[in-house]
Structures are given as C-alpha cells and as structure tokens.
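Please read the structure below before turning to the comments.
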Amino acid sequence: MSTKRKTTCLLLVAMLPVLSIRGQAKIPDSGYDLFLKTEDISRVQRVLPALVEASHKGRSEVRSLLAKQEFSFGQMTQILSNISVAYSAIVFDEWMKEVQPQQTTDKAGEYTKLIEQARRQLDEITSRHQRAQKGGRSALAANKEIVNANREAVDEIVTLLRDVTVENLPQDVAAASTSTQR
C-alpha cells in the first residue's frame, strides 16, 4: 500500500479527538444535523487554521476565537464528524479496491478476517448516517458526494486536524455551543 494511502487511512485516528468530544456532549440527534451542506466544508476550512493556532496558545484563546465565529463549536464538531464519517467510508472503499486481488489469494483467511472486522467497524461508525434519510437519500450517501467533490479541501482539513491541541478545546460541546452562539 502506498505511503499516501496509509496516511489517508489514518484519518479515523486523527478524527478520534473530535469524535470523542462529540460523544461526550448532549447534542440533539435530529438526524438532519447529520447532513453536510455544500458550504460546510469551506466554513470549516476558513475557521480551522485559526482554531489550530488558538489551541496551541491555550483554552482562553480557544474560547475567545469560538465566541467570534459564525457558527458554534458544536456545529463545527458535527460538521467535522460528518466529514470524518464520509471520508472514512470513501477511503475504506478505495482501500477495498486495492486489496480485492489479495483477498482471493488469502489461503488462510487471515486477510479476509481483518477485512470483515474493518467492515463491521466502519458499519458501526457510519450506521447513524446510513439510517438518517432526507429526500430518499441517506446522510452517508449525500455526505460522500460532497466530500468527494471537495476532496482536496477535505485533505487539508484532515491535515490541520492533526495539529489541534485537543486538551485546549471545550470538553462540553453543549456548553460551548450555547456560549458561542449569537
């Protein structure tokens, strides 16, 4: 597997801090917040460099930055989660195309077992987005389309996320969301 592909497959690991922060919060699960909007990627792309820089300076810098944003930290976290889920599904599909030939030569079945395990994990990660429906389409399908169309920008977002000092981000997304909304 190429170095670029290996790096890309590490996205889920890079996104775990964002997903774990989201998991701690009590954000309403309407289903529609699982759908990306076309402008969401550019919105996050505009804010993320400043968030990375503020996160290196400390919690007060992060709070100050978030108070000035057009959308809340909870909304940004949801968008990043949606991007991560779609991107992970895309990268997994690409990886599967590469390993399919090797799967047929896997006599012991070890490779096949690992692939099945990875598929189950991906299904668990994407299940909410697969169930959420709007206009006859799942959030996962709609989000994958948006992420694919903005792949270069999403790659930049992923790279920036690796530089966030997570300890300085708000630990309670619900509280951070209400304090940063106008």
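Where a number appears in this text, it was derived from the coordinates with a stated rule and is not lab data. Predicted, not measured: the structure shown is a model, and the values here were computed from it. Virtual Cβ from ideal backbone geometry, glycine too; neighbours counted across all protein chains shown.
Nearest 0.05, what FRET efficiency do M96 and E152 give at R0 = 22 Å with Cβ-Cβ as r?
About 0.50, to the nearest 0.05.
The ranking of F35, F73 from fewest to most other beta carbons within 10 Å of each one's beta carbon is F35, F73.
Spacing of the modelled spin labels on K57 and Q117, each 7 Å from Cα toward Cβ, amounts to 4.4 nm. Couplings for region 66-79, taken from phi via the Karplus curve 6.51 cos²θ - 1.76 cosθ + 1.60 with θ = phi - 60°, read 5, 5, 9, 7, 6, 9, 6, 4, x, 5, 5, 4, 5, 4 Hz in order; Gly and Pro are left as x.
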